[in-house]
Amino acid sequence: MSTNGKVNKHNFKEDFILTKANYLLNHSVGRPLKTSEKNFSEQLYTPWKNSLSEPWEQWLGIINEFTASLAKLFNAKQSEFCPQINLSSGLTKILMSLDRAQKKNCVILVSEIDFPGMGFALKKSLPKDCEIRFIPSNIDITNASVWDEYLTKDVDLVFVSHAYSNTGQLSPISQVLSMARARNIISILDIAQSVGVVPIDLKALNPDFMIGSSVKWLCGGPGAAYLWVNSDCLDTCNPKDVGWFSHENPFEFDIHNFRYRDSALKFWGGTPSIAPYAIATHSINYFTNIGLKNIRKHNQFLIEKTANALDLEFVSPREEAIRGGTMILDFGANQQKILKNFKEHNISVDLRSHGIRISPHIYNDEEDIDQLLSVIKSTKL
């Protein structure tokens, strides 16, 4: 790393499958590694083709490697992670496992700018008489005092996102989680938009639960999500959505005797998916070796370069401490004209309610940002 935040000892573009487009959609789907296809074939197909019997022993080893890679990435215990297909599945399983979340008139605190899918899962996983209390969308969730005000004594559980892709904001999770612990409020942390671009240390943060995925900044493709359970909370969880891989001994085959696993894998369920985790593990290990602090510095350097070139059009936070990996640009009535010119110049971005979302990754460089700014400057507004 150089002092200005640029990664300058390796051309990361050479490691990824990139097209002719200037790809800045990493908040949606990260690009695959060039080595991922060969690694996937070796991990999944080789044992499938060559095994003299069924290949489950080798395949389950992939899951073990996946949870081990997560433990290293997040500075946590491997036994605290459980694979999931997506975040909604993980959130639903957590909520249904907690007596406190299923009690009459429980109160759940969320933000109105959380991803809608999480709100849907909350509404359908909780009793009809529960209260889902929203922090209004016009209130600054980067301000810890806002959370202090809303984390009242009647709140049973707080759902907090680390990063918000539509606003480019980071929530003050360290303070929020600390307040929740002090007030005996269960905490669930959503890291879908921050993992891979913002360092996360679970030992330091100490939430009760966490959910995340691999499809965005981790470039691991869809289907390789996960939930994390703090060891201190594990015994309080009684998952309802279980299967034979939630069993202490999946190969016992006694239909009359179910016993939960003594790890987060009690949330696992039935016959597991394998393929997504083979892809994701390879990618997670790649980024862990680079170091998320280095990825964060590079991402923020490119965002800062953009911010310095623009005025009011840059509507995501200018302060790095409260800024995620995504920047938001708003050109008002000229939004569609800018988007049209981006598309004509093969610059891949998207549009949401707060503006144009742009997310530079480790394989993006200053030339990519220079092109972005050049197109903006050349557009007659």
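The values are calculated or read from the model by the stated rules, or taken from the named source; none is laboratory data. What you see is a predicted model, and the numbers here were worked out from it, not measured in a lab. Ideal geometry is used to build each Cβ from the backbone, glycine not excepted, and the neighbour counts take in all protein chains shown. Just the protein is used for accessible areas: all its heavy atoms, side chains included, with ligands, DNA and RNA removed. Shrake-Rupley method; radii C 1.70, N 1.55, O 1.52, S 1.80 Å.
Descriptive notes on the structure:
- Single residue of E344, E304, E319 found to be among the acidic types (D, E) and in contact with an Asp or Glu (Cβ under 8 Å, 6 or more places away or on another chain): E304
- Exclusive hit being under 20 Å from A71 (Cβ atoms) and aliphatic (A, V, I, L, M), set A225, A144, A182: A225
Yes/no per residue for (1) free of Cβ contacts under 8 Å to residues at least 40 places away in the same chain; (2) in contact with a helix residue (DSSP H, G or I) (Cβ under 9 Å, 6 or more places away or on another chain); (3) surrounded by fewer than 16 Cβ atoms within 10 Å (Cβ to Cβ); (4) closer than 22 Å to P222 by Cα:
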residue: A278; (1), (2), (3), (4): no, yes, no, yes
residue: S283; (1), (2), (3), (4): no, yes, no, yes
residue: T326; (1), (2), (3), (4): no, yes, no, yes
residue: F331; (1), (2), (3), (4): no, yes, no, no
residue: Q335; (1), (2), (3), (4): yes, no, yes, no
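- Residues being open to solvent by 30 Å² or more (accessible area, probe 1.4 Å) and either within 20 Å of I17 (Cβ to Cβ) or part of a helix (DSSP H, G or I) (or both) - total across segment 349-372: 5
- Residue within segment 187-205 that is closer than 27 Å to H298 by Cα, in contact with a strand residue (DSSP E or B) (Cβ under 9 Å, 6 or more places away or on another chain), at pLDDT 95 or above and open to solvent by 20 Å² or more (accessible area, probe 1.4 Å) present: yes
- Of the candidates G270, G223, the single residue that is among the small types (G, A, S), part of a loop (DSSP other than H, G, I, E, B) and within 30 Å of N364 (Cα to Cα) is G223.
- In segment 309-324, residue farthest from the chain's Cα centre (by Cα) [restricted to those that are open to solvent by 50 Å² or more (accessible area, probe 1.4 Å) and under 25 Å from W217 (Cβ atoms)]: A309
- Residue in segment 65-81 that is touching a residue at least 60 places away in the same chain (Cβ under 8 Å), open to solvent by 30 Å² or more (accessible area, probe 1.4 Å) and hydrophobic (A, V, I, L, M, F, W, C) present: no
- Any hit, segment 176-183, residues being part of a loop (DSSP other than H, G, I, E, B) and touching a Gly at 6+ places or on another chain (Cβ under 7 Å): no
- Count of segment 148-158 residues, restricted to those that are within 30 Å of S28 (Cβ to Cβ) and either surrounded by fewer than 24 Cβ atoms within 10 Å (Cβ to Cβ) or touching a Cys at 6+ places or on another chain (Cβ under 6 Å) (or both), is 1.
- Residues satisfying the stated conditions in segment 103-136, i.e. open to solvent by 70 Å² or more (accessible area, probe 1.4 Å), under 22 Å from S171 (Cα atoms) and touching a residue at least 24 places away in the same chain (Cβ under 8 Å): E112, F115, F120, F134
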